[in-house]
Each structure stands twice: as C-alpha cells, then as structure tokens.
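Chemist: Please see the structure below; I have some questions.
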Amino acid sequence: MFGFLNINKPPHVTSRCAVNAIQKLIKPTRVGHAGTLDPLATGVLVLCVGPATRLTRFVQDQPKVYLAEFELGVTSDTEDRYGEKSTVPFASEISAEALAGVLPSFTGKILQRPPAFSAVKVQGKRAYALARQGKAVQLKPREIEVYDLQLVNFSFPKFQLRIHCGSGTYVRSLGRDIAEKLGTGAIMTSLSRIAIGDFKLANALNLDDLTKENLEEHLINAAIPLEKYESIQIPLEQIQRFANGHTWSFDAPRPWEMVKAIDPKGRLVAILQRKTDTLFTPAINFSHYWIERGLN
C-alpha cells in the first residue's frame, strides 16, 4: 500500500492512537501522521501509508485552516482548557469590535512564542516533558505566517476564529497573544483543523469506518495532494533507470527546484531535485517499490 488517508480525528484520541488503529489493520505496512493534533482537537489528520511516510514533511509544510474557540479572562499553563486555570484579575469586558480591531496585527509574518507544553525541544528534551516536571520553560519566539484571520463568532467571554496559517503555528498561543494585546488572557476551548492543503474535512474519513477490507480503496494517490510541486510525466523505462541511480534531464523553468516524476498511470515515481539547469536527480525515489510490483 502506498498513499495517504484523510482522517477526521475524533476528540480525546491522540494522533499516535489514530496511527496505531490503522497500523493494526495493515501490518506490517508502515503508517505515520503528517502533523500532530492535540487530544482535544478534531478534524483533518493526514496518515501516510507505506512509502508515503517519506513524504511526511511535504504534507506538513502545506498551509492549514483551523476553527478555534477561546474564552477570555482566563489563563492556563497549557494555554487550553485542560491546564491549570487562573482567572485574570480585574479583567475588563472586551467587545467584538475591539477584538476584530487587533486581528490585522496578527496576520502576515509574525513572531510567536511557542507554549511551554509543546513538542519543541529544549537542550534535547521536549518542552512539555520539562513543563510537566514543574520546570520553568521559556521558549524563544519563532517566525510564523498567518495568511488570514477572521472572527467567526463572538459572545463574551467566548469567541471563535477561522485561522489560515503556515506550518509551525500554535493556535492556542495565537489566542494567548491576541488576548494579551487586549489586556487580558485567553485559553483555547476547542479546535478543529478543517484543511491541510488539499486535504479537506468535508472529505475526511471516520476511523471506525475503515476496515482491513476497505482501507486500500480509500487511499489517496500520493501524487495528487502535492500540488505545490509541478509534475513531469516519465516513460515506464525511466523507472528502471531511476532504480539504477540514473538522473533525468529536461528543460524546466528556473523556479522549479523540485518536481514530481509521474509515470503514464499517474503513479508517483520520485521527487526530483534540480542539480543543474537541465539535470534533475531523485531526492526521494519510489522506483524500487513499483518495480517490485510490476510496471504494467
């Protein structure tokens, strides 16, 4: 098996548990996920099956869309409703107009400090592991990009945002920073990821609906979602050449630094990387996988 599964992760299930559920159905085929969702979160979780586990970073780098709900006037050590909560003293009531007014300052390329309870590494250890031990964790701000930020619903102290952002954005920290700019605090109370690139919630599958017998029919061709990269069709005989370590030469516009090599049947054979003006070499090579299964 080779491809992606678009899963609608239910609440209170870890991303690892979702992977394990699919892994049990298709052992010994490998399964991984492309972007963790917190246990409280729901929505799109992309699972990479078989050789597609080598494409994880290509999915993770795609833009994401979230619907997130927050509560004003409260803080927590985890920045969500599962942490140790504290009420912000003397917090004033915030209007929808005031909240909407600060949102433009959180769009574009901005600096964001990741939460203490996160998977960011600090001297080789995960920040959340240190935080759980009661150790002070202060992470350095990192650049993220927020393409669009919309106030969807507001009923003080609750509000909901639609967030279109780049990889590495912590949604709960975005709520924290927006609240701080308004002179108060906020915790995230719910989160749904409604898209990763072309993986949409409307097309996502429920874990309980997948079985050993029907899983393969739901696999998404690994070539299809990587729309960021241009495609070039290669002849079947080139698959054997890639397996033998050969390169591929063709004229391509200079912006094309990486290209999808697709065979006549639409199968992803390799991710090619530019070496010279006309020479490309496989950065990720799936040719052996297809040769083992027959090229016809």
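Chemist: Take the residues of segment 169-193 that are touching a Leu at 6+ places or on another chain (Cβ under 9 Å) and assigned to a loop (DSSP other than H, G, I, E, B): which is surrounded by the most Cβ atoms within 10 Å (Cβ to Cβ)?
Modeler: This residue is GLY185.
Chemist: Shifting gears a bit: Which ones in segment 63-85 are buried (at least 21 other Cβ atoms within 10 Å of the Cβ) and at positive phi?
Modeler: GLU79
Chemist: If I filter segment 1-50 down to residues being of a type in the set (D, E, K, R) and out of contact with any Leu (no Cβ under 6 Å at 6 or more places or on another chain), which single residue comes out as farthest from TRP290 (Cα to Cα)?
Modeler: ASP38
Matching residues to (1) under 27 Å from LYS64 (Cα atoms); (2) buried (at least 16 other Cβ atoms within 10 Å of the Cβ):
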{"site": "LEU219", "(1), (2)": "yes, yes"}
{"site": "GLU230", "(1), (2)": "yes, no"}
{"site": "GLN233", "(1), (2)": "no, no"}
{"site": "GLN238", "(1), (2)": "no, yes"}
{"site": "PHE242", "(1), (2)": "no, yes"}
{"site": "LYS260", "(1), (2)": "yes, yes"}
{"site": "ALA283", "(1), (2)": "yes, no"}
{"site": "SER287", "(1), (2)": "no, yes"}
{"site": "TRP290", "(1), (2)": "no, yes"}
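Chemist: Of the residues that make up segment 141-148, is at least one part of a helix (DSSP H, G or I), out of contact with any Lys or Arg (no Cβ under 8 Å at 6 or more places or on another chain) and under 20 Å from PRO63 (Cβ atoms)?
Modeler: No, segment 141-148 contains no residue that is part of a helix (DSSP H, G or I), out of contact with any Lys or Arg (no Cβ under 8 Å at 6 or more places or on another chain) and under 20 Å from PRO63 (Cβ atoms).
Chemist: For ALA131, which of the numbered conditions (1) outside any helix (DSSP H, G or I); (2) modelled with pLDDT under 90; (3) more than 20 Å from the chain's Cα centre (by Cα) fails to hold?
Modeler: (1)
Chemist: Something else about it: Could you list, in sequence order, all residues of segment 203-215 that are surrounded by 15 or more Cβ atoms within 10 Å (Cβ to Cβ) and outside any strand (DSSP E or B)?
Modeler: Those that are surrounded by 15 or more Cβ atoms within 10 Å (Cβ to Cβ) and outside any strand (DSSP E or B): ALA204, LEU207, LEU210, LEU215.
The values are calculated or read from the model by the stated rules, or taken from the named source; none is laboratory data. Just so we're clear, the structure is a prediction, and the values are computed from it rather than from any experiment. Cβ atoms come from the backbone with ideal geometry, glycine included; neighbour counts cover every protein chain shown.
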